[in-house]
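A quick write-up on the structure given underneath.
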């Protein structure tokens, strides 16, 4: 439900009943939007989830996400960014997260053809795994 033009708040109540078990789970949520950024927060029985997205300018966008579950004593985060390179007809996206994964994807449009070439690579330091690949999209 919109509280103001920029603030949205909400709640969800789920009630379940099975033989020998019943219960209710309440989740609260909120989102605040500004012209260049947006922040969200969800809090419930399973923990909390927060995110922040910021459009710095026409070329740079960043986002961060945090998730925490006190019952399981686990938390995770992820940081991502996007760089738009209009003069090069390219977009670069990168990722870093709490599982020690680092990755990036470069998408390059090939005008005048309706083709986009994508090159990606991801490395997980903890598991000592490396993945790379490429793709071609015809529009």
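Descriptive notes on the structure:
- Full-extension gain in nm, residue 129 to residue 6, via 0.36 nm per residue minus C-alpha separation: 40.1 nm
- Calculated on C-alpha atoms, the gyration radius of region 1-60 divided by its Kirkwood radius gives an Rg/Rh of 1.19.
- Of 115, 64, 105, the one that fluctuates the most in a GNM where the chain has Cα springs shorter than 10 Å: 115
- Rounded FRET efficiency, nearest 0.05, which uses the C-beta distance separating residue 95 from residue 28 and R0 of 25 Å: 0.30
- Computed over the chain, the percent of Cα pairs more than 22 Å apart is 59.
- Translational diffusion coefficient (Stokes-Einstein; Kirkwood radius from C-alpha pairs) of region 49-101 at 10 °C, 1.306 mPa s, in µm²/s: 127
Every read-out reported here was derived from the displayed coordinates using simple, explicitly stated rules and does not represent laboratory data. Please read these numbers as outputs of a predicted model, since none were measured by experiment. Every residue, glycine as well, gets a Cβ built from its backbone with ideal geometry; the counts of neighbours run over all protein chains shown.
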